[in-house]
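Engineer: The structure's right below; bear with me while I get my questions together.
Here, each number is a calculation from the coordinates, and none is a lab measurement. All figures in this text were calculated on a predicted structure; none of them were measured in a lab. Cβ coordinates were reconstructed from backbone atoms using ideal geometry, including for glycine residues, and neighbour counts include every protein chain displayed.
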Amino acid sequence: MEKMKGIHHITAIVGDPQENMDFYAGVLGLRFVKKTINFDDPGTYHFYFGNEGAEPGTIMTFFPWANAYKGRVGSGQVGITTFLIPPNALSFWEERLASFNIHTNKVIRFGETFLQFEDVHGLKLELVERENGKENTWEFNGVTKDVAIKGFGGAVLYSGAPHKTAELLETVMELESLGQEGNYLRYQAAGDIGNIIDIELSAVGRGVMGVGTVHHIAWRASNDEEHVKWQHKIHDHNYGVTEVKDRNYFNAIYFREHGGLLFEIATDPPGFMIDEQKDHLGEKLMLPKWQEPHRETIENHLQPIVVREVKGE
Ligand code: ZN
């Protein structure tokens, strides 16, 4: 069986869709790679952002719920989503975020400096400089490829049972333990990006799902065969894992780990170019074939959104 490579995507609940678009495409300079709907709730968008090639390990996705209640970041969630930037890019980002009146804060974990901030809806994010991960050649609104976000660095998990979550990562998912520093355990997956997972050991209070919180974290399987092996392995360790679900761009299985986080394992193929060519990713509202007959009703229900440049000060 293959080694776990790391994060495939992270999905969060946010507020107004245009505000979400302006933050992730406009401020952070990510590429908007897919506009679709929540397959379990067709009245809501599902937005996907990533690198130029929309590759696994770079995909941040959102359910924008304009009128939903604010959640609370806490245990049972990904507490902080870590994005990877090239070496020497941190000062660019510090200035850029300040120009958009976004408050930042620097912290050090395991000898690395993280620039922490919140998105427009309160989701906790951070940037870290690392050599690994290939350059993201998507350039937009003043973010050039020498500073562009390459994908995920990893994530900080807020678990209701940190040592049980750690045991899952280490013994079932077979991430490598990199030890403890202060109140953090660090694990490394086998991939090049989205591969550093820190578990927070200090008490953070219970999370409440809602706007500004991560809904789930998805891990990678290289193909359908490996995916089914993961499903069996997780089942054999007494986690209640779902059947394989067709998410159009990948197949998915889900399970709740003992610290309360919702984990997904998603296949790398077929990927985001199954229904749009690389140069046209994110341009049209894409519907799974079973929703195509309802396109007109669905489109009339959704607030129109645009990918646009936004200006700082
Ligand atoms: Zn997912």
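Engineer: Can you tell me which residue is surrounded by the fewest Cβ atoms within 10 Å (Cβ to Cβ) among those in segment 192-206 that are in a strand (DSSP E or B) and not hydrophobic (A, V, I, L, M, F, W, C)? Explain how you work it out, then say what you get.
Structural biologist: First pass over segment 192-206, keeping only residues in a strand (DSSP E or B): 196-200, 206.
With not hydrophobic (A, V, I, L, M, F, W, C) added as a condition, the list becomes 198, 200, 206.
On the way: 198: 23, 200: 20, 206: 13.
This residue is 206.
Engineer: May I pose another question? Please tell me if residue 267 is polar (S, T, N, Q), touching a residue at least 40 places away in the same chain (Cβ under 8 Å) and either over 21 Å from residue 30 (Cβ atoms) or surrounded by fewer than 17 Cβ atoms within 10 Å (Cβ to Cβ) (or both). Spell out how you get there, then give the answer.
Structural biologist: Values: polar (S, T, N, Q): yes; touching a residue at least 40 places away in the same chain (Cβ under 8 Å): yes; either over 21 Å from residue 30 (Cβ atoms) or surrounded by fewer than 17 Cβ atoms within 10 Å (Cβ to Cβ) (or both): yes.
So residue 267 fits the description; yes.
Engineer: Go through (1) outside any loop (DSSP other than H, G, I, E, B); (2) in contact with a strand residue (DSSP E or B) (Cβ under 6 Å, 6 or more places away or on another chain) and name the single condition residue 43 misses.
Structural biologist: Against the list (1) outside any loop (DSSP other than H, G, I, E, B); (2) in contact with a strand residue (DSSP E or B) (Cβ under 6 Å, 6 or more places away or on another chain), residue 43 comes up short only on (2).
Engineer: Here is a follow-up. The conditions are (1) within 16 Å of the ligand (Cβ to nearest atom); (2) buried (at least 21 other Cβ atoms within 10 Å of the Cβ), and residue 40 fails exactly one of them. Which is it?
Structural biologist: For residue 40, the exception is condition (2).
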